[in-house]
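Readers should treat all values here as calculations from the given coordinates under stated rules, not as data from a laboratory. Please read all numbers here as calculations on a predicted model, not as lab measurements. A quick note on method: Cβ atoms are made from the backbone with ideal geometry, for glycine too, and the neighbour counts reach across all protein chains shown.
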Amino acid sequence: MPVLDPAAWTCPAPLRDQPRVVMGHGGGGALSAELVQHIFAPAFGGGVLAQMGDAAALSLGGVRMAFSTDSFVVRPLFFPGGSIGDLAVNGTVNDLAMSGARAAYLSCGFILEEGVEMETVARVAEALGAAARTAGVEIATGDTKVVESGHGDGIYINTAGIGLIPAGVDLRPQRVVPGDVVMVSGAIGVHGVAVMSVREGLEFGVEIESDCAALGGLVDAMLAVTPDLHVLRDPTRGGLAASLNEIAAASGTGVVIRERDVPVPPAVANACAVLGLDPLYVANEGKLVAFVPRAHADAVLDAMRAHPLGAGATVVGEVVADHPGMVVARTGLGGTRVVDMPIGEQLPRIC
């Protein structure tokens, strides 16, 4: 078995300085990217993996399909607006939707800790089944493992899914060009704050509910306007900031957003101010960001707003040729600031 030599790696300092895994490696930011790029990708190889999208686009038997997998370790298991069961379905369904595919089948693996109450397991399973029916996807196969008490945290779930990609749909960051319009489907930061409020026992004067939802229907409505969307992402771990940075880097373009146009609910803004968080970096579980050719932007935005999950859709910025690979925000005071890729995760274990 080959021995990995960390001294031979060429990567930014954070990974070199971490001889052991830290929580930030699972946060969807720079540490996660380094872990994938410098350990997993070289070990696994393969051209399909190099796509590095929310889902892999495959050709099998002359059929184009999307394939994705996701694991869920959220704590607590139940939170306002959802549960780990809802996340396990909607997270993978949404990853497939970001490639234009409508999810058809999911696998489901439960890792249970010895001692967890059967009633809790049943509640999670029921929520997962209900979410699958709502999303129009079938749980086709599964697995269950149990670890000793103290070696888990109640319930972890992994789901994988497949779906067909419609003809003419090609969603990937390499298609992004200067002039594209950047839009989001609604208010950001809701899910992360909802989970954190319950986990830490915080009260903000109003209950904040997760936006956890399956976005396949919204994407279908957008593609019905034109299949020529350039890229879609669901800004989960790392929030909107991470998604924008990933797309800017992969496309070699710059992104400019207008802070005042980014929809942040007052309750989320207040919570972030108290906790010292930036809403741009807080996870979402029922929102998407779209890069759309300017010629189709108005029609796509109208279609989004006509769908229940896109009623709050709005344009937040545009793609530019300047500062390739960088995201810049124009502030309400007329200045600008760089929106960096997050290093780790402001709120760990929120999905």
**Prompt:** Want the number for ASP170 to VAL48: 0.36 nm per residue separation, take away the alpha-carbon distance, what's left?
**Reply:** 42.4 nm
**Request:** Would you please classify the overall shape of segment 173-338 from the alpha carbon gyration tensor, given that a ≥ b ≥ c denote the square roots of the eigenvalues, rounded means a/c under 1.5, and beyond that prolate means a/b larger than b/c while oblate covers the rest?
**Result:** oblate
**Message:** For the chain, set up a GNM with springs between Cα atoms under 10 Å and report which of VAL198, VAL93, VAL327 has the largest fluctuation.
**Reply:** VAL198
**Message:** Quick check: net charge around ILE162, other residues with Cβ under 15 Å of its Cβ, Lys/Arg +1 and Asp/Glu -1?
**Reply:** -2
**Prompt:** What whole number of Å gives the distance from the Cα centroid of segment 316-351 to the Cα centroid of segment 256-276?
**Reply:** 13
**Item:** Length-normalised contact order for segment 54-169 - Cα pairs under 8 Å, 6+ apart - percent
**Value:** 40
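Does segment 54-169 come out rounded, prolate or oblate, given a ≥ b ≥ c as the square roots of the eigenvalues of its C-alpha gyration tensor, rounded meaning a/c under 1.5 and, failing that, prolate meaning a/b above b/c?
Note, shape of segment 54-169 comes out prolate.
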**Asked** What are the GluC sites (Glu not before Pro) within segment 67-145 that DSSP puts in a loop, where the Cβ has at most 11 other Cβ atoms within 10 Å?
**Response** GLU114, GLU117
**Request:** Note the full-extension length gain between ALA130 and ARG199 as 0.36 nm times their separation in residues minus their Cα-Cα distance, in nm to one decimal.
**Result:** 22.4 nm
**Message:** If I compute semi-axes √(5λ) of the Cα gyration tensor in Å from the structure I just sent, which labelled value in (1) 32, 27, 17; (2) 29, 24, 24; (3) 43, 21, 16 lines up?
**Reply:** (2)
**Request:** Report the label-to-label distance for THR120 and VAL22 in nanometres (one decimal), using points 7 Å from each Cα along the Cα→Cβ vector.
**Result:** 2.9
